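What follows draws every value from the coordinates through simple rules; no lab data is involved. Please read these numbers as outputs of a predicted model, since none were measured by experiment. Cβ: placed from backbone, ideal geometry, glycine included. Neighbour counts: every protein chain shown.
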Amino acid sequence: TNQLTGRHFLTLKDFITEEIHYLLDLASDLKEKKKAGITHRYMEGQNIALLFEKPSTRTRCAFTVACIDLGAHPEYLGKNDIQFGKKESVRDTAIVLGRMFDGIQFRGYEQSTVNGLAEHSGVPVWNGLTNQFHPTQILADLLTIKENIGHLKGVKLVYVGDGRNNMGNSLLIGGAKVGMDVRICSPESLFPEQDVIAYAKEVSKESGGKITVTSNIDEAVSGADVIYTDVWVSMGEEDQFKERIELLSPYQVNKKMLDKTGNKQVMFLHCLPSFHDLETEVGREIYEKFGLKEMEVTDEVFQSENSFVFEEAENRLHTIKAVMAATNGSVKS
Ligand code: CP
Ligand code: NVA
C-alpha cells in the first residue's frame with residue numbers, strides 16, 4: 001500500500017508535489033509494462049462505474065482500457081441510462097453505486113456533484129472533468145512534457161485562450177505544484193477566477209514556480225517551452241460561439257505565434273478534441289455561420305513536428321491507470 005490508497009482524485013489541489021511525481025513515475029512504469037506486454041492486474045476482480053453526464057472519447061476510453069488492463073470490469077453509465085439527476089439525487093446514487101462498485105469515475109457539469117459522490121459513496125471517486133477542473137488531463141500533459149523535455153521544474157508553459165475554463169484552472173494548479181513557469185494568456189474578461197490565481201501563486205512560492213496572467217501575447221509566449229490551448233467554447237457553453245470567436249481570434253495558436261517564442265523546439269499541446277479543421281458537424285456549422293476555417297489552432301501547427309497532441313492523448317491511458325492503481329489497487333510504492 002501507499003499513502004494514496006483509498007483517496008479520491010477530485011482536483012490536484014488535494015495532492016502534494018511528491019504525490020504528483022509519484023503518479024507520473026507510476027504512469028511511466030505502467031506504460032513500459034503495457035508496451036512490453038507485462039501484465040499489471042493491480043485491480044483484479046474489481047468493478048468500476050464510469051458515470052458520464054457529458055460526452056467523451058479519450059477519458060471514457062482511457063478509463064475503460066485501464067480498467068481492463070488492471071483486471072477490473074468497467075461499467076459505462078450514461079446520464080440517460082440511469083435514474084441519476086432526473087429521479088435520484090447525487091447522494092442516493094452515490095450510496096447505491098458505492099455498495100456495488102469498488103470505484104467511481106464521474107464526468108459532468110458541477111464540481112459539487114463529483115464532491116458529493118466522493119462524500120457519500122464510500123469508495124474512491126475520480127474526476128474525469130467538470131466545469132471547474134480536469135485533473136486527470138493534467139497528469140497526461142505533465143507526463144508528455146517530462147518525456148520530451150526531461151523535467152518539469154522551471155518549464156515555461158503558456159496556456160493561450162480561455163483562461164477561465166477547466167483547463168486554465170487545472171494547468172495553473174498542476175503547473176504550480178510541480179514548479180513550472182505558468183503563463184496564462186487570455187483576454188482580461190477570460191482571466192481565471194482570482195481565487196485560483198491566488199492559490200497557484202501561493203503554491204508557487206513553495207515549489208519554486210512562477211505564475212503570470214496576462215493578455216499580452218508577445219510577453220507571454222517569449223521563450224516558451226510549451227504552448228497549450230483548448231477549445232474556445234467548452235461543453236455546455238455552445239451558445240457562446242459568437243462572443244468567444246470575437247474575443248479569442250487574436251489568441252489563435254498559429255505559425256506566427258510559435259515563431260514568436262524564439263524556440264524552434266517549442267512543444268504544442270491540446271487536450272482535444274480540437275477545431276484545427278472544421279471537418280466535423282459542429283465545425284461545418286461554425287464555418288457556415290462565421291466563415292472561419294480554423295479556430296484555436298491552425299491545422300498547420302496541429303499537424304507540425306512541434307505537436308505532441310496524440311502522445312498526450314495516449315498518455316491519458318497510462319496516467320488514468322496510475323491514478324486508479326495507486327488509489328484503489330494493490331500496487332506497492
Ligand atoms: N481531453 C479529453 O478529456 O477528451 P474527451 O472529452 O474526449 O474525454
Ligand atoms: N474545456 C474543454 C475540455 C475538453 C476536454 C471542455 O470542457 O469542453
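Loop-located trypsin sites (Lys or Arg not before Pro) in segment 226-299 (DSSP state not H, G, I, E or B) with no more than 10 neighbouring Cβ atoms inside 10 Å: Lys264. Cα gyration tensor of the chain, axes a ≥ b ≥ c as square roots of the eigenvalues: rounded (a/c below 1.5), prolate (a/b > b/c) or oblate? Prolate is the answer for the chain, as a/c is 1.5 or above and a/b outweighs b/c. Between their Cα atoms, which of Lys33/Lys264; Lys87/Lys289; Lys205/Lys255; Lys201/Lys321; Lys13/Lys210; Lys31/Lys177 are more than 28 Å away from each other? Violating the 28 Å limit, Cα to Cα: Lys33/Lys264; Lys87/Lys289; Lys205/Lys255; Lys201/Lys321.
Seen through its C-alpha gyration tensor, with square-root eigenvalues sorted a ≥ b ≥ c, segment 156-209 comes out prolate because a/c lies at 1.5 or above while a/b is bigger than b/c. Going by neighbour counts of Cβ atoms within 10 Å, the residues Thr59, Thr17, Thr5 line up, fewest first, as Thr5, Thr17, Thr59. Simple spin-label estimate for Ala198 and Lys79 gives 3.2 nm between the two label positions (7 Å along the Cα-to-Cβ direction from each Cα). Shape class of segment 95-186 from the Cα gyration tensor (axes a ≥ b ≥ c, square roots of the eigenvalues): prolate, since a/c reaches 1.5 or more and a/b is larger than b/c. Using the average count of surrounding beta-carbon atoms within 10 Å as a protection proxy, the listed peptides 63-69, 181-187, 125-131 rank, highest first, as 125-131, 181-187, 63-69. Quick one: if the Förster radius is 30 Å, what FRET efficiency do Met100 and Ile38 give, using the C-beta to C-beta distance and rounding to 0.05? In this case the efficiency is close to 0.45. With Cα atoms defining each centre, segment 179-201 and segment 18-62 are spaced 29 Å apart in the structure. For Asp181, the amide hydrogen comes within under 5 Å of the amide hydrogens of Gly154, Val155, Lys156, Leu157, Lys210, counting only partners 5 or more places away or on other chains and with H modelled in the peptide plane. Segment 241-294 and segment 126-173 have Cα centres spaced 18 Å apart.
Between His21 and Lys153, full extension at 0.36 nm per residue minus the direct alpha carbon distance yields a gain of 46.4 nm. Place a point 7 Å from the Cα of Glu305 along the Cα-to-Cβ direction; which residues of segment 247-277 have their backbone N under 15 Å from it? Label zone hits: 259, 263-268.
Computed extension gain for Glu237 through Ser189, at 0.36 nm per residue and net of the alpha carbon distance, reaches 15.7 nm.
Helices in the chain, meaning DSSP H runs of at least 4 residues, each add -39500 (n - 2.57). Divided by all residues, the mean residue ellipticity at 222 nm is -13500 deg cm²/dmol. Each residue of segment 239-244 is assigned a 3J(HN,Hα), and the resulting list reads 7, 10, 4, 4, 5, 5 Hz, derived from the Karplus form 6.51 cos²θ - 1.76 cosθ + 1.60 (θ = phi - 60°), x at Gly and Pro.
Take the Cα of Ser112, go 7 Å toward its beta carbon, and the backbone nitrogen atoms of segment 126-159 under 15 Å from that spot belong to 131-132. The slack between Ser249 and Lys54, meaning 0.36 nm per residue of separation minus the straight C-alpha distance, is 67.6 nm.
When Thr229, Thr280 are arranged by Cβ crowding within 10 Å, least crowded first, meaning fewest neighbours, the order is Thr280, Thr229.
How high is the relative contact order of the chain, given as a whole-number percent (alpha carbon pairs under 8 Å, six or more residues apart)?
21
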